[in-house]
1. When residue 233 is evaluated against the numbered criteria (1) buried (at least 22 other Cβ atoms within 10 Å of the Cβ); (2) outside the structural domain of residue 315 (by TED's automatic domain parsing); (3) in contact (Cβ under 8 Å) with a residue 40 or more places away in the chain; (4) not in a loop (DSSP other than H, G, I, E, B), which criterion, by number, is the only one it fails?
2. Please go through the stretch 170-222 and pick out each residue that is farther than 18 Å from residue 61 by Cβ and not in a loop (DSSP other than H, G, I, E, B).
3. Out of 148, 119, report the one residue that is touching a helix residue (DSSP H, G or I) at 6+ places or on another chain (Cβ under 7 Å), modelled with pLDDT of 95 or more and either within 18 Å of residue 244 (Cβ to Cβ) or part of a strand (DSSP E or B) (or both).
4. Among the listed residues 316, 292, identify the single one that is under 24 Å from the mean Cα position of the chain (by Cα), under 18 Å from residue 223 (Cβ atoms) and at pLDDT below 95.
5. Restrict the check to the stretch 45-59 and report whether at least one residue is surrounded by fewer than 16 Cβ atoms within 10 Å (Cβ to Cβ) and farther than 24 Å from residue 205 by Cβ.
6. Read through the list (1) touching a residue at least 60 places away in the same chain (Cβ under 8 Å); (2) surrounded by fewer than 16 Cβ atoms within 10 Å (Cβ to Cβ); (3) under 18 Å from residue 115 (Cβ atoms), then give the number of the only condition that residue 144 fails.
7. Here are some residues: 188, 139. Which one is outside the structural domain of residue 79 (by TED's automatic domain parsing) and either modelled with pLDDT under 90 or loosely packed, with under 14 Cβ neighbours inside 10 Å (or both)?
8. If you check residue 164 against the conditions, is it farther than 23 Å from residue 207 by Cα and in contact (Cβ under 8 Å) with a residue 40 or more places away in the chain?
């Protein structure tokens with residue numbers, strides 16, 4: 001079954017007052033808030049499955065998988081629904097690019113996250129709220145002593161699982177769970193899966209729906225950070241449109257995802273030479289990323305105050321400090337002129 005047919009089937013059985021609105025969208029009465037029966041504030045795109053409620057007191061939005069979850073489907077029911085989906089050419093083009101249309105990605109079953117659902121106490125002590133950790137599905141793999149960070153694609157499908165070491169002596173610090181090796185972390189659970197977390201952006205599936213339906217002027221700045229903790233911390237502070245690269249460089253897949261958006265982009269990497277400011281060779285990852293994104297929207301590099309020590313990360317800052325850094329962010333042109 002195609003994604004379009006799956007969406008129509010779900011809306012026909014679970015929503016009221018469903019009507020097409022052109023541009024491959026359907027409108028319906030939102031089931032997630034109280035309101036007039038005739039109000040069709042819920043909108044969903046048939047090509048991507050992203051959805052949003054335009055009611056001023058609701059604002060619910062998300063990916064296709066998030067919709068299934070909010071409708072009360074169990075992880076196994078969601079897995080079956082996703083297995084039925086055969087993405088149309090445009091959806092595959094969104095994920096991989098036209099040169100790889102024949103390459104259908106394999107996703108991890110939803111139910112595997114149930115084994116790692118316990119909230120990490122170490123992150124609670126670091127200042128993260130239980131609500132923030134639950135919203136990002138952060139858990140613990142007790143067997144391997146790793147904190148779990150699920151990575152989802154734009155439809156919300158589980159694209160990768162990354163485990164962060166709980167002990168400082170463990171190597172590697174971050175490990176993408178694999179299914180290809182005989183003793184791989186996902187061995188026997190999913191066949192044909194190849195870890196591809198760097199083709200996705202952590203948190204992208206939760207911000208894409210709003211930026212899909214609304215204009216740039218109606219959306220907050222999009223903040224691009226390196227790691228999972230930085231992304232969750234900024235969101236907890238109220239900067240909801242934050243995504244993580246899972247590193248300090250922009251992959252081709254991530255570039256395609258961001259090129260679907262209009263910005264403005266704020267590149268907010270860790271405070272290190274070669275990352276947020278040039279090293280002795282003139283290399284700066286933040287400038288490279290901002291220049292790459294400047295073709296599709298306004299792009300800025302976030303600079304830390306001089307008093308901040310090296311290795312400072314966004315998840316150690318207060319809301320006031322983050323606001324000040326965003327307000328003083330500079331374009332790559334401004335930075336080049338200042339260096340000259």
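1. Failed condition: (2).
2. Correct list: 174, 175, 176, 197, 198, 199.
3. None of the others qualify; the one that does is 148.
4. From the options 316, 292, the qualifying one is 292.
5. The answer is no, given that none of the residues of the stretch 45-59 is surrounded by fewer than 16 Cβ atoms within 10 Å (Cβ to Cβ) and farther than 24 Å from residue 205 by Cβ.
6. (1)
7. Only one candidate passes the filter, namely 188.
8. For residue 164, the condition - farther than 23 Å from residue 207 by Cα and in contact (Cβ under 8 Å) with a residue 40 or more places away in the chain - is met.
The values are calculated or read from the model by the stated rules, or taken from the named source; none is laboratory data. The structure displayed is predicted, hence computed values, not measured ones. Cβ coordinates were reconstructed from backbone atoms using ideal geometry, including for glycine residues, and neighbour counts include every protein chain displayed.
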